Amino acid sequence: MWSSRFVNTVRGFGHEAVVVSEVPEGSADAAIVNLGDPNVGTLVAELTAKGIYTIAHAGHKEKDLLELGREIQVSRLATNSEITNKLPQMLDEASVAQKS
């Protein structure tokens, strides 16, 4: 459900969006990842190695997952409500980061 919402929301903000189950072969400006994914550490490491800005999210009460996001050094850590309410700003942050 989140995946289709993200795609529609991101496209609504004028960006291209696709859902993938592994790190893409080509390039991407940003990736939105769920900290609840059991492979999130490996995924973020691979994305970071490719220079892809990572926006990682978890519920505000999921303190252990939010701490995991800090430990694996995602580009931007967010609660689910932040990602719902501030996604345009986060995408702008990703765009600025990719240009610098």
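Taking residues in the range 67-90 that are without any contact (Cβ under 8 Å) to a residue 60 or more places away in the chain and closer than 16 Å to LEU47 by Cβ, and partners anywhere that are part of a helix (DSSP H, G or I) and of a type in the set (A, V, I, L, M, F, W, C), the pairs with Cβ atoms closer than 6 Å and at least 6 places apart or on different chains are ILE72/VAL44; VAL74/VAL44; ARG76/MET90. Of note, THR42 does not satisfy the criterion of being within 17 Å of SER3 (Cβ to Cβ), without any contact (Cβ under 8 Å) to a residue 12 or more places away in the chain and not in a loop (DSSP other than H, G, I, E, B). Looking only at residues of the range 4-40 that are open to solvent by 30 Å² or more (accessible area, probe 1.4 Å) and among the β-branched types (Val, Ile, Thr), we find that the one that is nearest to the chain's Cα centre (by Cα) is ILE32.
Scanning the range 73-87 for residues being open to solvent by less than 50 Å² (accessible area, probe 1.4 Å), over 11 Å from GLY59 (Cα atoms) and of a type in the set (Gly, Ala, Ser) gives a total of 0.
As for the range 50-71, it holds no residue that is under 18 Å from VAL23 (Cα atoms), open to solvent by 20 Å² or more (accessible area, probe 1.4 Å) and either assigned to a helix (DSSP H, G or I) or among the hydrophobic types (A, V, I, L, M, F, W, C) (or both).
The values are calculated or read from the model by the stated rules, or taken from the named source; none is laboratory data. All values derive from a computational prediction rather than experimental measurement. A quick note on method: Cβ atoms are made from the backbone with ideal geometry, for glycine too, and the neighbour counts reach across all protein chains shown. Side chains are part of the model used for accessible areas, which takes the heavy atoms of the whole protein and leaves out ligands, DNA and RNA. Shrake-Rupley method; radii C 1.70, N 1.55, O 1.52, S 1.80 Å.
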